[in-house]
Amino acid sequence: MGLISGVWLAVLGALGASNLIVARRPDAEEYLAKLAPYQGWIGAVSALWGVWGIIQSVLWLGLLAAAPIFWITFVASAALQFALGLLLGIGVLKSFIKNEDAVARLDQLVAKLAPKQGVLGVIAIGVGVWMIVANFLFRVAG
C-alpha cells in the first residue's frame, strides 16, 4: 500500500462515481472526459489487480492481528479495485474471455454491482485518500 495505490484507487473511484461528481461539480466533466477513453483498460487492469490483492489478503491473514488497520485497508482497496474494475472494464475483459458460461456469470455479477457503482466510487475515493494520507503519516512517524 502506498501513494501510487491510493492515487490509482482515487482515480478509479472518480471514474466510477463520475455521474455523481459531475452532478455536483459540472466543471469536473472536462477532467473526467480526458480519462474516459482509457476507462475500459483502467478497469480491466484494476479488476485483475483487485483479484490478486484479495488472494494476497487471504495469504496475509496473519497481519490482521499485528496490523489490523493496514490489513483492513488492504482488503478494502482490493475489493474496491475488483468491483469497480469489473464494472468499468467489462467490455475489455469480455474481449479476452472465450467461454460463454464465464461471460454469462460476469454479466450476472455486473448486473448486481451496477446499481452500487456510484457508492462504490465514492467509497473508493475515500479509501484512496486515506491511503495517501496514511502513507505520509507513516513516513513522518517512521
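Worth pointing out:
- In terms of surrounding Cβ atoms within a 10 Å radius of their Cβ, Val103, Val133 rank from fewest to most as Val133, Val103.
- Taken over region 3-141, the convex hull of the Cα atoms encloses 116 Å³ per residue.
- Here the extension length gained between Trp41 and Val58 equals 3.5 nm, from 0.36 nm per residue of separation less the Cα-Cα distance.
- Summed over qualifying helices (DSSP H, 4 residues or more, each -39500 (n - 2.57)) and divided by its residue number, the chain shows a 222 nm mean residue ellipticity of -28000 deg cm²/dmol.
- Once the chain from Val110 to Phe70 is taken as fully extended at 0.36 nm per residue, the excess over their C-alpha distance is 11.6 nm.
- Cα centroids of region 1-72 and region 121-142: 12 Å apart.
- Estimated FRET transfer efficiency (Val140, Val7; beta-carbon r; R0 22 Å; 0.05): 0.75
Taken together, the values in this text are just the output of simple stated rules run on the coordinates, not laboratory data. This structure is a prediction, so every number in the text was calculated from the model and none was measured. We place every Cβ from the backbone using ideal geometry, glycine too, and count neighbours over all the protein chains shown.
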